[in-house]
1. Return one whole number: the accessible area per residue of segment 137-243 in Å², for a 1.4 Å probe.
2. Compute the whole-percent fraction of alpha carbon pairs in segment 1-120 spaced more than 26 Å apart.
3. Please give the per residue accessible area of segment 1-120, computed with a probe of 1.4 Å over protein heavy atoms only, in Å².
4. Can you pull the Kirkwood radius for segment 1-56, inverse mean 1/r over Cα pairs, to one decimal in Å?
5. Please give, to one decimal in nm, the separation of the simple spin-label points placed at residue 39 and residue 140, each 7 Å out from Cα toward the Cβ.
6. May I ask which of 79/133; 37/133; 17/79 have a Cα-Cα span longer than 29 Å here?
7. About its Cα centre, what dipole magnitude does segment 1-120 give when the only charges are +1 on Lys and Arg Cβ and -1 on Asp and Glu Cβ, stated in debye to the nearest 20?
8. Counting only protein heavy atoms and using a 1.4 Å probe, what share of the accessible area of segment 113-197 belongs to carbon plus sulfur, as a whole percent?
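The values are calculated or read from the model by the stated rules, or taken from the named source; none is laboratory data. These numbers were taken from a predicted model, which means no experiment stands behind them. Don't worry about glycine lacking a Cβ; one is built from the backbone with ideal geometry, like all the others, and counts go over all protein chains shown. Please note that ligands, DNA and RNA were not included when accessible areas were found on the heavy atoms of the full protein model with its side chains. Shrake-Rupley method; radii C 1.70, N 1.55, O 1.52, S 1.80 Å.
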Amino acid sequence: MKASELQNRFERIRSNKTFEIFVISVIVVSALLVGAKTYDMPRGFASVTLILDWFISAFFLTEITIRFLAERRKLDFFKSFWNWFDTIIVIVSLIPAESTDLALIGRLVRVFRVLRMISIIPELRILLVSLVKALPQLGYVMLLMFIIFYIYGAIGSTLFAQINEDLWGDITISMLTLFRIMTFEDWTDVMYETMEVYSLSWIYYLTFIFLSAFAFLNMVIGIVVGVMEQENAAARREAAAENNEPTLEDVMAELKSLRQTVDEIKQK
């Protein structure tokens, strides 16, 4: 068989939807296998799980090899972060997970094999990339939220420490209590306790909840959604470029150009 024919065969296997679905199925089985090992199992079933584990490791090694061989230029394989990610997980997961000094590491890495689902499914990649790219903007929101927590923590410790030392004893404990309030974990019990001494303390809680749970949460969601829209648009442009199809932006630009041409003709 010629090298070009073998190359084409590897490319067809890599892009085959059935192969992708089978890879996803093996990843799911791998995740279930990790969960099953946390239970006490009969000796015979333990042997079956060991055989399945080695089969999964061998399959992942074969799958990553096929993806490598399917590249026209082999160095391009290592230009993708996801290829590096998959390769490292596959190689480290080959560490024997039974009766060795590295058994603990081997078992932990097998847990992370579930993350390969992200590299296989494009939609999950977009979600993760969007979250990572949103982190710089989210950092400023988190900083502002910390300032609000600090101010309200200082106020709460000053006013309510004498009421409940366990919840408002110092600023760090107060901030933990505020986190509990933000997550609505029995926050009304905390509020009613202080209202017995300060009847207007409900203002303190409601303003904090409005700022933290509503305002800041919506800001975080807005930032992540905005970045996701940008990533989805970029993915659509890349797909259109690969298929030599015009994107929505190209169509809009063409329509704008035609409109300008029509306007120029009317003016003449």
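1. On the way: 6430 Å² over 107 residues.
Ligands and nucleic acids excluded, the figure is 60 Å² per residue.
2. So the pairs more than 26 Å apart make up 26 percent of the total in segment 1-120.
3. Heavy-atom SASA per residue in segment 1-120 reads 63 Å².
4. Here the Kirkwood hydrodynamic radius works out to 13.6 Å.
5. It is 5.0 nm.
6. Result: 37/133 exceed 29 Å.
7. About 380 debye.
8. On the way: 3370 of 4920 Å².
Roughly 69 percent of what the probe reaches on segment 113-197 is carbon or sulfur.
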